[in-house]
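Derivation of every value follows stated rules applied to the coordinates shown; laboratory data play no part. No experiment lies behind these values; they were computed from the predicted model shown. Neighbour counts are summed over all protein chains in view; Cβ atoms, including those assigned to glycine, are modelled from backbone coordinates with ideal geometry.
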Ligand SMILES: [Mg+2]
């Protein structure tokens, strides 16, 4: 049985990025977010976190704190005895939107729950903590020369899959990708247009890349997130698998995407859908539809990345992982959860998400 939640503590967090994170929609130089501690009646503490993202979830540090300290805490503490699933649903229903805030609380709740069971979170969810995940490394949208240099560095670090950010200019995009391919000819590529193309541009660019013989594993969110008819047209017109990302914000949206065959793959992020319960519901829908999933993350604190890795290792519909975000963050004080070398992620074998963050200013 899940002990009652007695307290939720949330505080702002920021860390500089080692290099700017640039997509067709935004640029991030400093990661701003919130760290969460959730305490159960037996004294168990779980950790969660959230990142500010006006461009994807619409949330700021201030709004995340307000949601956590208001309706989310109320749902956690004033709930009837309902077990983990009941509390998860109460958090999801506590307010409209505020998905990153809900995800931070939901992760902290799941972390505490699996700590009470004495097992890694992924094993509490039915997975195997010994699973080895392989993540890509992202190359920010930039000049062809800078993108080529970043690709060369990532390939040198042992990453065999690179996620290339494109989408602001279809002519420049092909030039960028050629430069990256020439710099790192032995890696596989995932493209992410972050909604940056219209339907015709997307089909033209992707076909030009296919005609140029550049091997693509997938293309993420080629068109606007609400344009499912447009994304279905792109999916039908090209050979490379198309992945929905920004369009997948809930189990309901996942259901609509698979029913309309708007994409071949789904990208699940805890911060987009509001937490682990909703993420697993999306993965279940994907499995029922015969669609594979990637688990990705926003630019958010390392705790969130560790939680996403545990979810990725727990569900058979998740066959791809995109969890390099924390590698961009320059904060040695917030470490733990997993190790990552050359694209290989190993989960911490201890209870929960295996995270005991050393917070700045605290004694070790
Ligand atoms: Mg994406």
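If you average the alpha carbon positions of region 157-209 and of region 1-48, how far apart do those two centres end up, in angstrom?
31 Å
Just to compare against my own numbers: the Cα pair-distance distribution for region 208-262, 10 Å bins, whole % per bin, please.
Result, from short to long distances: 24, 53, 19, 3 percent.
Per DSSP helix of 4 or more residues, -39500 (n - 2.57); summed, then divided by the residues of the chain. What does that give at 222 nm, rounded to the nearest 500?
-11000 deg cm²/dmol
Report, in degrees rounded to the nearest 10, the 0 to 90 angle that the Cα long axis of helix 83-92 makes with the longest principal axis of the chain.
The angle comes out near 60 degrees.
Which of the peptides 46-52, 250-256 is most tightly packed, and how do the rest follow, judged by the mean count of other Cβ atoms within 10 Å per residue?
46-52, 250-256
Grab the Cα-Cα distance for residue 69 and residue 157, subtract it from 0.36 nm times how many residues apart they are, and report the gain in nm with one decimal.
27.6 nm
Multiply the residue gap between residue 344 and residue 186 by 0.36 nm, knock off their C-alpha separation, and tell me the result in nm, one decimal place.
Gain on stretching residue 344 to residue 186: 55.2 nm.
Could you work out how far apart the two model spin labels at residue 261 and residue 119 are, taking each label as a point 7 Å from the Cα in the direction of the beta carbon, and quote it in nm?
3.9 nm
Where does each of 298, 1 land when they are ranked from fewest to most other beta-carbon atoms within 10 angstrom?
1, 298
Could you give the Stokes-Einstein D for region 109-210 in µm² per second, using the C-alpha Kirkwood radius, 25 °C, 0.890 mPa s?
156 µm²/s
Can you give the angle from 0 to 90° between the axis of helix 199-211 and the longest principal axis of the chain, with both taken from C-alpha atoms, to the nearest 10?
Tilt of helix 199-211: around 70 degrees.
Which FRET efficiency, nearest 0.05, do residue 175 and residue 237 yield, Cβ-Cβ r, R0 25 Å?
0.65
Could you pull the Rg and Dmax for region 5-118, using just the Cα atoms, both in Å?
14.8, 46
To the nearest 10 degrees, how steep is helix 170-183 against the longest Cα principal axis of the chain, on a 0 to 90 scale?
80 degrees
Quick check on region 268-345: take the gyration tensor over C-alpha atoms, sort the square-rooted eigenvalues as a ≥ b ≥ c, and tell me if it's rounded (a/c under 1.5), prolate or oblate.
Here region 268-345 falls in the prolate category.
Please report, in cubic angstrom per residue, the volume enclosed by the convex hull of the alpha-carbon atoms of region 189-345.
For region 189-345, the hull spanned by Cα atoms encloses 112 Å³ per residue.
Please report, largest first and rounded to whole Å, the three semi-axes of the ellipsoid equivalent to the chain, where each semi-axis is the square root of five times an eigenvalue of the C-alpha gyration tensor.
Here the semi-axes work out to 34, 22, 18 Å.
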